[in-house]
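Peer 1: Shown below is the structure under consideration.
The values are calculated or read from the model by the stated rules, or taken from the named source; none is laboratory data. Computed from a predicted structure; not experimentally measured. Here the Cβ is made from the backbone with ideal geometry for all residues, glycine too, and neighbour counts use every protein chain on show. Surface areas here come from the heavy atoms of the whole protein model, side chains and all, with no ligands, DNA or RNA. Shrake-Rupley method; radii C 1.70, N 1.55, O 1.52, S 1.80 Å.
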Amino acid sequence: MPRAGLDQATVIAAASELADEVGFPGLTMGLLAERVGVRTPSLYKHVDSLDALQRGVGLQAVRDIGAVLTRAAVGRSGPDAVRAIAETYRKWALDHPGRYAASVRAPRPEDEEYQAVAYEAVQILVDAVAGFGLTDERAIDAVRALRTVIHGFVGLENDDAFRMERDNADSYRFVVDSLISGMQAEAAVGGPGTAPLHAGEGS
């Protein structure tokens, strides 16, 4: 039966759940229409196209990630913040594989709303890395390295690419701790930067 009170928000929410079940590439207007109990043309009252639907799922996913990472980082800085963010991000991505896949699509340059939400999410990492006292240039490197570690590991894990007899969580902690050790060593050599780092500056 059709869902009561169907609107754009409920369509995006239903699409997000469906993406986790069938995979983000498998999300179609036909499957979504079946899920919410309407004919496919009825969906176009709420989203203009499949591309708009995918954009909506991705945008909401980035918002959700930002919210959970903010809660994880509250009251923490430096290594504690990085560990909390990394663990929380991995758990969220494994629990929501379709939404995670949607979130890693780069927003279009002209999409100011998406750009702003993505900026806020990256700023959480920037704030965590700021606790290490790195130079501004090295802080940008550290944010990029942290994003690479998280996305690279989680992407491989979601694709079931790790087959060796070793717990994935243990390997993930090792990689994150290795990155933290590298940032601490670099901070000891380089000293603090002279100006605050912001996410938009090349991260």
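Peer 1: Identify, please: which residue in the stretch 27-39 is open to solvent by less than 50 Å² (accessible area, probe 1.4 Å) and either in contact with a His (Cβ under 6 Å, 6 or more places away or on another chain) or free of Cβ contacts under 8 Å to residues at least 60 places away in the same chain (or both) and is, among those, farthest from PRO97 (Cα to Cα)?
Peer 2: Initial filter on the stretch 27-39 (open to solvent by less than 50 Å² (accessible area, probe 1.4 Å)): 27, 29-30, 32-33, 36-38.
With the extra rule that they be either in contact with a His (Cβ under 6 Å, 6 or more places away or on another chain) or free of Cβ contacts under 8 Å to residues at least 60 places away in the same chain (or both), the set shrinks to 29-30, 32-33, 36-38.
Working: MET29: 19, GLY30: 20, LEU32: 17, ALA33: 21, VAL36: 21, GLY37: 24, VAL38: 25 Å.
Among those that are open to solvent by less than 50 Å² (accessible area, probe 1.4 Å) and either in contact with a His (Cβ under 6 Å, 6 or more places away or on another chain) or free of Cβ contacts under 8 Å to residues at least 60 places away in the same chain (or both), it is VAL38.
Peer 1: Which members of the stretch 40-49 meet the condition of being surrounded by fewer than 16 Cβ atoms within 10 Å (Cβ to Cβ) and either over 19 Å from GLU112 (Cβ atoms) or in contact with a strand residue (DSSP E or B) (Cβ under 7 Å, 6 or more places away or on another chain) (or both)?
Peer 2: Scanning the stretch 40-49 gives THR40, PRO41, SER42, TYR44, LYS45, SER49.
Peer 1: Does at least one position in the stretch 51-69 carry a residue that is open to solvent by 10 Å² or more (accessible area, probe 1.4 Å), over 22 Å from ILE124 (Cβ atoms) and either part of a loop (DSSP other than H, G, I, E, B) or among the charged types (D, E, K, R) (or both)?
Peer 2: Among the residues of the stretch 51-69, at least one is open to solvent by 10 Å² or more (accessible area, probe 1.4 Å), over 22 Å from ILE124 (Cβ atoms) and either part of a loop (DSSP other than H, G, I, E, B) or among the charged types (D, E, K, R) (or both), which makes the answer yes.
Peer 1: Do you know which residues across the stretch 95-114 are open to solvent by 40 Å² or more (accessible area, probe 1.4 Å) and of a type in the set (A, V, I, L, M)?
Peer 2: Matches in the stretch 95-114: VAL104, ALA106.
Peer 1: So which helices (runs of 4 or more DSSP H) are wholly in the stretch 1-45 and hold at least 2 residues that are β-branched (Val, Ile, Thr) and touching a helix residue (DSSP H, G or I) at 6+ places or on another chain (Cβ under 8 Å)?
Peer 2: Because the criterion is at least 2 residues that are β-branched (Val, Ile, Thr) and touching a helix residue (DSSP H, G or I) at 6+ places or on another chain (Cβ under 8 Å), the helices (runs of 4 or more DSSP H) in the stretch 1-45 that meet it are 8-22.
Peer 1: In the stretch 115-139, which residues are among the aliphatic types (A, V, I, L, M) and open to solvent by less than 30 Å² (accessible area, probe 1.4 Å)?
Peer 2: VAL117, ALA118, ALA121, VAL122, ILE124, LEU125, VAL126, ALA128, VAL129, LEU134, ALA139, listed by residue number.
Peer 1: A follow-up question, please. Considering only residues that are open to solvent by less than 30 Å² (accessible area, probe 1.4 Å) and without any contact (Cβ under 8 Å) to a residue 60 or more places away in the chain, which ones fall in the stretch 146-168?
Peer 2: GLY155
Peer 1: Could you please give the count of residues in the stretch 58-104 that are over 20 Å from VAL22 (Cα atoms) and either free of Cβ contacts under 8 Å to residues at least 12 places away in the same chain or not β-branched (Val, Ile, Thr) (or both)?
Peer 2: Of the residues in the stretch 58-104, 20 are over 20 Å from VAL22 (Cα atoms) and either free of Cβ contacts under 8 Å to residues at least 12 places away in the same chain or not β-branched (Val, Ile, Thr) (or both).
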